[in-house]
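The values are calculated or read from the model by the stated rules, or taken from the named source; none is laboratory data. What you see is a predicted model, and the numbers here were worked out from it, not measured in a lab. Here the Cβ positions follow ideal geometry from the backbone for every residue, glycine too, while neighbour counts run over all protein chains shown.
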Amino acid sequence: MYVDLGNALSTVASPGVSREALERLDDDVAAAHERIETGRADGEHGYASLNLPETVDPDAIRVAVDRFDDPDAVLTVGIGGSALGAATLADALDSDVDAYFLDNVDPEHVAALLDSLDLSSVVVNAVSRSGTTAETLSNFLVVREAMESAGVDWTERTFVTTGEAGPLRRLSEQHDLPALAVPDGVPGRFSVLSTVGLACAAVQGHDVDAVLAGARDGADSLSGSLFESPAYAYGAAAYALDQRGASVNAMMPYAESLETYAEWFAQLWAESLGKDGLGQTPARALGATDQHSQLQLYRAGPRDKVVTMVRPRERADRAIPETDLDGLSYLGGSSLGDLLDAEFEATEASLADAGRPSVRVEIDRVNERGLGELLYGMEAACVLAGELYGVDTFVQPAVEWGKRAARGLLGGVSGPGSDPETRRDPEEADGEFGAAEAVAEKERLVVE
């Protein structure tokens, strides 16, 4: 991974960060790196995520999925980090095995997707660490019913990725389903390089070892200086720019295959850093498409944004045919890749001309190794930024509040580790329904 901060310097942009400020910040980066390395060495919660390139067992993943012969598609049932990492890899890499994701409980979407699939040739992966995630379990029950209605033995087409205990673990034991273990100490949004993110890739026939090799390249590049580590350079610059007013980080890949990566980044950045009134707001864009929509705001709107532009240095290309159409002859003899690169560089120049900060991130190619390095690098950048902000990067109390509220509104037990199928009277819940009551009793102002 290559990171260029030139267009984020104060000599170019406002807000911007000076070289001198980065040099001062480097002392804090060194201290943060020492803390990160201690956390990794001790396998602490969250920090263990950065050890996954060495600790994950790709053979266990292959054993779990090898029982499924020649599937046409794989359907991952999960939400948030239990689906986005796998979707990022699936959408970035070509495969003869299609990948689908049920990561929302929109009934019309769920029904339409299931109706469109030949469920006899689909492999289903239910992903939930606790095995109690309401959205995931609800969708899985719907999928299971659809398979049974189609005359498909769901037990022959399903595996689970879950923790050591919980409903999914019990289900796997009851029906002898293959079960992959969610690694300890790894929050969902950091789990792409684990069983959670790699199982779908393995079903699709992707080179899981190459993904991990790329991640190891990223791990090997970490050092005590932002001037020597691309990941830390990105994390430190994003933090420094936020402190100077760039509170929005627009992730803008210039590759259609990386569009889902921007969505993955948005969860990673928002859920990890958005605490105590701190953290950048991630925005998602796609180059060159969003030059025709969002770039107007980035160049001429409030000075509260940094644009992160991501592209591969190498890609397959397609020539643009010669034409005699008036005004278009200049396109002949070039290629779509040439045009996309020109769009990329023009956007950089446009932002710089307006004094708006941008950061360039490049990988060698959108393949397994390049993706492994990019994903690991952004995770390390996020962990470093969390250290600089002084927040607990690996918890998500606001998300948990919403989960408890949803369970309470459905009449389920909303306490930590509870089973959503367990029912309890709210008066006997010892305050566990407080979140749900807050939702139910909220004052309304409705205009019809």
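Structure values in brief
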item: Residue count for region 15-48, restricted to those that are assigned by TED's automatic domain parsing to the domain that holds Tyr376 and of a type in the set (Ser, Thr, Tyr); result: 1
item: Elements of type helices (runs of 4 or more DSSP H) contained in region 1-118, each with 3 or more residues being under 22 Å from Ala219 (Cα atoms) and touching a Leu at 6+ places or on another chain (Cβ under 9 Å); result: 19-42, 52-55, 81-92
item: Criterion violated by Ser172 - all others in (1) surrounded by 18 or more Cβ atoms within 10 Å (Cβ to Cβ); (2) assigned to a loop (DSSP other than H, G, I, E, B); (3) polar (S, T, N, Q) satisfied; result: (2)
item: Cross-chain or 6+ apart pairs with Cβ under 6 Å, region 273-301 first and without any contact (Cβ under 8 Å) to a residue 40 or more places away in the chain and part of a loop (DSSP other than H, G, I, E, B), then surrounded by fewer than 15 Cβ atoms within 10 Å (Cβ to Cβ) and among the hydroxyl-bearing types (Ser, Thr, Tyr); result: none
item: Residues that are in a helix (DSSP H, G or I), in contact (Cβ under 8 Å) with a residue 24 or more places away in the chain and surrounded by fewer than 20 Cβ atoms within 10 Å (Cβ to Cβ), drawn from region 147-166; result: Trp154
item: Single residue of Leu212, Leu193 found to be part of a helix (DSSP H, G or I) and surrounded by 17 or more Cβ atoms within 10 Å (Cβ to Cβ); result: Leu212
item: Region 128-157, residues that are modelled with pLDDT of 95 or more and among the charged types (D, E, K, R); result: Arg144, Glu145, Glu148, Asp153, Glu156, Arg157
item: Residues of region 215-252 that turn out to be assigned to a helix (DSSP H, G or I), of a type in the set (Gly, Ala, Ser), assigned by TED's automatic domain parsing to the domain that holds Gly16 and under 30 Å from Pro58 (Cβ atoms), as a count; result: 3
item: Residues that are charged (D, E, K, R), surrounded by 12 or more Cβ atoms within 10 Å (Cβ to Cβ) and not in a helix (DSSP H, G or I), drawn from region 318-358; result: Arg356
item: Residues of region 111-128 classified as out of contact with any helix residue (DSSP H, G or I) (no Cβ under 6 Å at 6 or more places or on another chain) and over 16 Å from Leu177 (Cα atoms), total; result: 9
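Yes or no, residue by residue, for (1) in contact (Cβ under 8 Å) with a residue 40 or more places away in the chain; (2) among the polar types (S, T, N, Q):
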{"position": "Val110", "(1), (2)": "no, no"}
{"position": "Ser116", "(1), (2)": "no, yes"}
{"position": "Val127", "(1), (2)": "yes, no"}
{"position": "Leu168", "(1), (2)": "yes, no"}
